[in-house]
Amino acid sequence: MSARIETAVGLDVGRIREDFPALRQTVHGHPLVYLDNAATSQKPRAVLDAIMRFYERDCANVHRGVHQLSERSTAAYEGARETVRQFLNAAAPAEIVYTRGATESINLVAQTYGRANLRAGDEIVVSGLEHHSNIVPWQMLAAEKGAILRVAPIDDRGEIVPEEYRKMLGPRTRIVALAQVSNALGTINPVREMIAQAHAAGAVALIDGAQAAPHMPVDVQDLDCDFYAFSGHKAFGPTGIGVLFGKASLLDAMPPWQGGGDMIRSVTFEKTTFNDPPYKFEAGTPHIAGAIGLGAAIDYVTTIGLDRVAAWEHELLVYGTEALERVPGLRLIGTARRKAAVLSFVLEGVHPHDIATILDGQGIAIRAGHHCAQPIMERFGLTATSRASLAFYNTYREIDALVEGLGKVREIFE
Ligand code: PMP
C-alpha cells in the first residue's frame with residue numbers, strides 16, 4: 001500500500017513510526033509487525049526521554065522537599081496530573097488519582113466506595129464481555145457484603161443486549177461497571193446512554209476505559225461517569241502507572257484505601273486525619289517517573305489528535321476485517337456495529353496458540369488465549385481466540401503481512 005493512503009486521515013504514519021524505537025527491530029529475521037496493542041503499546045521516544053530526564057536530572061521525592069530537585073519532581077508529577085485532567089476533561093486535578101493501572105483503579109473503587117456503600121442484597125451490574133479486572137473485584141466485594149453480581153448478556157455480534165441491561169437495573173442496583181471498549185472483541189459499548197440509565201436507577205457508574213482512552217477522545221463530563229479507569233502502558237506510557245478519575249463529591253466522601261505517607265494530614269497514636277483527594281488515595285512514594293512518562297505519552301498522542309487516531313484505526317479495522325474475511329476457514333469473533341480496531345478470530349482446525357507461534361516466527365506479534373475475559377470466550381463456545389489489536393502506528397502493509405502469515409499457517413496445517 002502506498003504512503004499516500006497511509007496519510008488518508010491526515011496522519012503520516014511512516015513519520016510517526018520513526019518516533020517508536022521498538023518498531024524498528026527485526027524479529028526472527030523479519031521486520032517486527034506489532035499487533036498486540038490491546039495487551040500493551042509501544043512507547044514513543046518522547047516518553048523514554050521524559051523518564052530519562054527525570055532520573056538524570058530531577059530525581060527526588062515529591063511533596064516533601066524544599067530543595068530544588070524535589071520542587072522540580074513535584075512540578076513534573078503534578079503537571080502530568082493536569083495533563084491527565086485535560087485528556088479526560090475532568091473538572092479538577094483533585095479528581096485524578098494515580099494508581100498502578102486500570103486493575104488497581106477498579107479495585108480501589110470496590111474496596112473504598114463499594115465497601116462503604118454496599119449492603120447485603122444490593123446489586124452490582126456488569127456485562128458479559130468484561131475483562132477479569134472488571135469482574136473479580138466486584139465478585140470479591142459481593143462475597144464480602146452478601147451483594148449480588150448481575151451480568152448483562154451479550155448477543156452473537158458481541159454487543160450488550162440493551163433491553164436486558166435495562167431490565168437489570170432496579171432499586172437495589174448500587175454500582176454499574178462497564179467496559180467502554182471490549183479488549184477481547186473490540187465492541188464499543190454505548191456507555192453514555194448506559195450511564196444515564198444507571199443513574200436513573202440510582203446507581204453509580206464506573207467505566208473501564210483501558211481499551212478506550214488510548215484510541216478515542218474521552219470526556220468524563222460528557223459521559224457523566226462517576227469513575228473512569230485506564231492504564232498508562234496501553235496508552236503509550238510506562239507500565240505500573242494508571243489513573244482513576246472520580247467525581248470530586250464521591251472521592252471526598254470515600255474512605256481511604258491504603259494507609260501510609262502522603263495520604264494523611266496528621267498522625268498521632270490516638271487519631272489520624274486524612275489528606276484531601278487525590279492524595280488520600282496515594283499512600284507512599286508514588287510512581288513518579290511513571291506519572292511523568294504518562295504525561296509525556298498523553299502530550300504525544302494529543303498532539304497527533306485522538307480524533308485522527310480513531311479515524312485511522314477505523315480505516316485499518318475496515319481494511320483488516322475485509323482482508324481476514326477472505327481467509328478460508330477464518331471466523332471473526334466480535335462483529336459489533338461499533339468496533340475499535342481489535343480483530344479476534346479463530347481458524348478452523350488450528351489452535352490459536354499455534355497460530356500465534358507460527359506468526360511469531362515471521363516477526364508478527366499477536367495474542368492468543370482467553371484475553372483475561374473467559375466469560376465472553378465461553379459465551380462464544382470457545383476457550384481462546386487469536387487477536388490482532390491495532391494502534392495508530394500500524395499500517396495496511398502490516399495487515400497484509402498478517403494475512404500472508406495466516407496463509408502460511410494454513411499451508412502448515414493442510
Ligand atoms: N480492562 C480492560 C478492558 C483491559 O483490556 C485490561 C488489560 N488487558 C484491563 C482492564 C486491565 O489493565 P491492567 O492490566 O493494565 O491493569
## Note on the structure
Calc'd 3J(HN,Hα), the range 191-197, phi into Karplus 6.51 cos²θ - 1.76 cosθ + 1.60 (θ = phi - 60°), Hz, glycine/Pro = x, comes to 5, 4, 5, 5, 5, 4, 5
#### Entry: Calculated [θ] (222 nm, deg cm²/dmol) that DSSP helices of n ≥ 4 give over the chain, each run adding -39,500 (n - 2.57)
-11000 deg cm²/dmol
#### Entry: Other-chain or far-sequence residues with amide H under 5 Å of ALA179's (modelled H)
SER127, ASP208
### Cα-based shape type of the range 156-237, given that a ≥ b ≥ c are square roots of the gyration tensor eigenvalues and the cut on a/c is 1.5
oblate
### Message
Below 11 angstrom from the Cβ of VAL109, what's the summed charge of the other residues (Lys, Arg +1; Asp, Glu -1)?
### Response
-2
#### Entry: Karplus 3J(HN,Hα) series, Hz, for the range 107-116 with 6.51 cos²θ - 1.76 cosθ + 1.60 (x for Gly, Pro)
4, 4, 5, 4, 7, 10, 4, x, 4, 7
### Query
In the range 48-303, with Lys and Arg counted as +1 and Asp and Glu as -1 at Cβ, which of these residues, ILE160, ALA120, ALA248, has the Cα nearest the positive end of the dipole, that is, farthest along it?
ALA120
### Task
Assuming R0 = 30 Å, can you tell me the calculated FRET efficiency for the pair ALA116 and GLN221, based on Cβ-Cβ distance, to the nearest 0.05?
0.80
### Message
Taking amide H atoms as placed 1.01 Å from N in the peptide plane, list the residues 5 or more away in sequence, or in a different chain, whose amide H sits under 5 Å from that of ILE148.
### Response
GLY121, ASP122, GLU123, ILE124
#### Entry: Fraction of beta bridges assigned by DSSP in the chain that are antiparallel (%, nearest 5)
60
### Query
In nm, to one decimal, how far is the ALA253 label point from the ASP276 one, both placed 7 Å along Cα→Cβ?
1.9
### Task
With a ≥ b ≥ c taken as the square roots of the eigenvalues of the C-alpha gyration tensor of the chain, please select rounded if a/c is under 1.5 and otherwise prolate if a/b is larger than b/c or oblate if it is not?
oblate
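Assign one of three labels to the range 89-209, namely rounded, prolate or oblate, based on the Cα gyration tensor with a ≥ b ≥ c the square roots of its eigenvalues; rounded applies when a/c is under 1.5, prolate when it is not and a/b is larger than b/c, and oblate otherwise. It would help to have the intermediate numbers written out before the result.
On the way: a/c = 1.39, a/b = 1.10, b/c = 1.27.
Rounded.
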### Task
Tabulate in residue order the Karplus-calculated ³J(HN,Hα) for the range 36-49, using 6.51 cos²θ - 1.76 cosθ + 1.60 with θ = phi - 60°, rounded to whole Hz; enter x for Gly and Pro.
10, 6, 6, 7, 7, 9, 7, 10, x, 3, 4, 6, 4, 5
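Using the count of nearby Cβ atoms within 10 Å as a rough guide to exposure, how do HIS215, HIS371, HIS351 rank from fewest to most?
Final ranking by Cβ density, sparse to dense: HIS351, HIS371, HIS215.
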### Task
Scan around ILE364 for amide H atoms under 5 Å from its own, H built in the peptide plane at 1.01 Å from N, and keep only partners 5 or more places away or cross-chain.
VAL33
### Summary
With the charge dipole of the range 182-335 built from beta-carbon charges (+1 for Lys and Arg, -1 for Asp and Glu) about the Cα centre, the Cα from GLY329, GLY293, LEU316 projecting farthest to the positive end belongs to GLY329
### Query
Any idea how far the Cα center of the range 395-414 sits from the one of the range 143-183, in Å?
37
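Readers should treat all values here as calculations from the given coordinates under stated rules, not as data from a laboratory. Since the structure is predicted, the reported quantities are computational estimates derived from the model, not experimental observations. Here Cβ is always computed from backbone atoms with ideal geometry, including for glycine, and neighbour counts include all displayed protein chains.
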